[in-house]
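Following: one structure in structure tokens, then a few remarks.
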Amino acid sequence: MDSNNNLKPIFSGIQKFSSIDYPGELSMILFTGGCNFRCHYCHNPNFVLPEKIKYKQNQGILDFLNLRKDTLDAVVICGGEPTIHGQGLIDWIKYIKSLGYKVKLDTNATNPKLIKQIIDEKIIDFFAIDYKASIENYQKVIITKIPELKEKLFTSLKLIVESKIPYEIRSTIHNELHNKDDINQMISELKELGIDNYFLQNFVAQNNMVGTIGEGIGTQTMLKKFKEILKNNFKESDVRNLD
């Protein structure tokens, strides 16, 4: 993309440096505004709830992207949910790539049509997908109702696996929302889709969340038992936030 004149304002936040959000790369993070989910444990209400979202002017984002293009390797785009911005997201990814950055997209995988376009246009370097629960228990985690949720999720995941683009699938676990059977079912579902990379994350309580939920006391104990199970089922795996 040669011009930035037609870029729509889609970003509500920026983290100017991260050494952990793009594996092996120094990155910045851009947070898109808006989301089609309302996850009980979401700690980004300022990027999710319509009454809290404030979009940043493009110029500040553009200036920083150009300022750091020789010192940072990558840009992580997350949210909120980036794919709700459709062509606006595509245009931004193309512009960011034109500056020489690698781009990682964090998504809830509910927009397979846009994910297919991103893959077909060869404009993404890494996907990160939040898999919220087993399919039958998704609505325990997300407050909103998503039509044809299973079809959308499974189509997106298959597209990403078949694309050979690097990815990670991860699930944040809270013992009020997930139990051992649910985690085992998630493992089974992902294996059937050909996923070989899966990470479980212990819920970490925040002061400001989208839903109302407890501190998740006991989640860590439950998760420790899954380290070996993950290792036996996936090429790459781990359980995060145990300490």
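Assorted remarks:
- Footprinting exposure proxy ranking of 132, 191, 97, fewest other C-beta atoms within 10 angstrom first, gives 191, 97, 132.
- Considering helices alone, the calculated mean residue ellipticity of the chain at 222 nm is -9000 deg cm²/dmol, with DSSP H runs of length four and up weighted by -39500 (n - 2.57) and normalised per residue.
- Distant alpha-carbon pairs in the range 180-226 (separation over 16 angstrom), percent: 51 percent
- The distance separating the Cα centre of the range 182-242 from that of the range 1-59 comes to 24 Å.
- For residue 12, the residues whose modelled amide H falls within less than 5 Å of its own, excluding neighbours fewer than 5 places apart on the same chain, are 31, 32, 33, 56.
- Along principal axes, Cα extents of the range 11-240, largest first, whole Å: 48, 38, 34
- For residue 76, nonlocal amide neighbours, meaning residues 5 or more places apart or on other chains whose placed amide H falls under 5 Å from its own, are 28, 29, 30, 104.
- Mean sequence separation of contacting Cα pairs (under 8 Å, at least six apart), scaled by the length of the range 104-161, corresponds to a relative contact order of 49 percent.
- What the Cα atoms of the range 103-159 give is an Rg and a Dmax of 11.9, 35 Å.
Read-outs: derived from the displayed coordinates by stated rules, not from any lab. Bear in mind that the values here come from a model prediction, so they are computed numbers and not experimental data. Backbone-built Cβ (ideal geometry, glycine too); neighbour counts: all protein chains shown.
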